[in-house]
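Working notes, beginning with the structure itself.
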Amino acid sequence: TFVSLPPFAKLALKYFPPMSIVFFRVFSTALLFSTIFFLFKKEGVKEKKHFAWFALFGFFGVAGNQLFYLTGVSITTAVNAGILVTTIPIFTLIVALLLKKEELNFIKIVGVLVAFSGVAFLIDFGRFQLNENLLGDLFIIANSCFYAVYLVISKKMLRIYNSFTVITYVFIFSAFLVA
């Protein structure tokens with residue numbers, strides 16, 4: 001889905017500004033997940049400090065991530081966005097190493113190289129344009145960094161709670177952040 005998203009986002013951005021798309025995406029998802037969660041799941045939050053973690057996840061994993069991504073796509077090319085979003089695994093490994101959540105080993109290096117090779121096979125890097133798109137490209141890279149932080153810091157909470165509980169609270173807090 002990551003490869004198909006930039007062209008479709010570019011199409012939507014012809015009619016709606018990035019903030020409107022983020023607002024609609026986040027609020028509609030928060031509403032849908034909340035309705036399902038509170039009607040059927042109802043897993044309680046075990047500690048009040050976990051709400052702060054959910055808010056932090058919402059900042060990195062949804063609100064900031066989506067704002068950077070759609071703003072970046074609006075001012076760069078779909079090709080650049082499609083290529084740059086593939087940096088998420090690289091940034092995830094870097095963040096995990098910096099936060100001492102992972103140790104670097106041969107398998108992880110090979111995994112990143114294999115993933116990058118797959119991207120290189122699927123995407124024509126010759127169409128990447130590094131010129132007037134620099135700000136948009138930097139926003140896409142910021143999106144990748146934000147999502148990488150989210151992936152690393154949310155891992156522990158996903159061991160404590162059901163994934164639907166985590167994502168519901170993440171979107172609830174994201175909705176407030178986007179508003």
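The values are calculated or read from the model by the stated rules, or taken from the named source; none is laboratory data. Values in this document were obtained by computation on a predicted structure and should not be read as measured data. A quick note on method: Cβ atoms are made from the backbone with ideal geometry, for glycine too, and the neighbour counts reach across all protein chains shown. Surface areas here come from the heavy atoms of the whole protein model, side chains and all, with no ligands, DNA or RNA. Shrake-Rupley method; radii C 1.70, N 1.55, O 1.52, S 1.80 Å.
Among 41-53, 18-30, the peptide with the highest mean count of other Cβ atoms within 10 Å heads the list, and the full ranking is 18-30, 41-53. Taking label points 7 Å from Cα along the Cα-to-Cβ direction, I36 and H50 give a separation of 1.9 nm. Go through [x] 17.4; [y] 18.8; [z] 16.7 and flag the label whose value is the computed Kirkwood radius over Cα pairs in Å for this structure. For Kirkwood radius over Cα pairs in Å, the calculated option is [x].
With 32 Å as the limit, write out which pairs from K41/K155; K41/K101; K49/K101; K14/K108; K46/K108 have Cα-Cα distances beyond it, or answer none.
Working: K41/K155 20 Å; K41/K101 30 Å; K49/K101 21 Å; K14/K108 39 Å; K46/K108 34 Å.
Over 32 Å apart, Cα to Cα: K14/K108; K46/K108.
In the chain, helical runs assigned H by DSSP with n ≥ 4 each contribute -39500 (n - 2.57); averaged across all residues and rounded to the nearest 500, the mean residue ellipticity at 222 nm is -22000 deg cm²/dmol.
What segment 19-92 shows is 49 Å² of accessible area per residue, with the surface traced by a 1.4 Å probe over protein heavy atoms.
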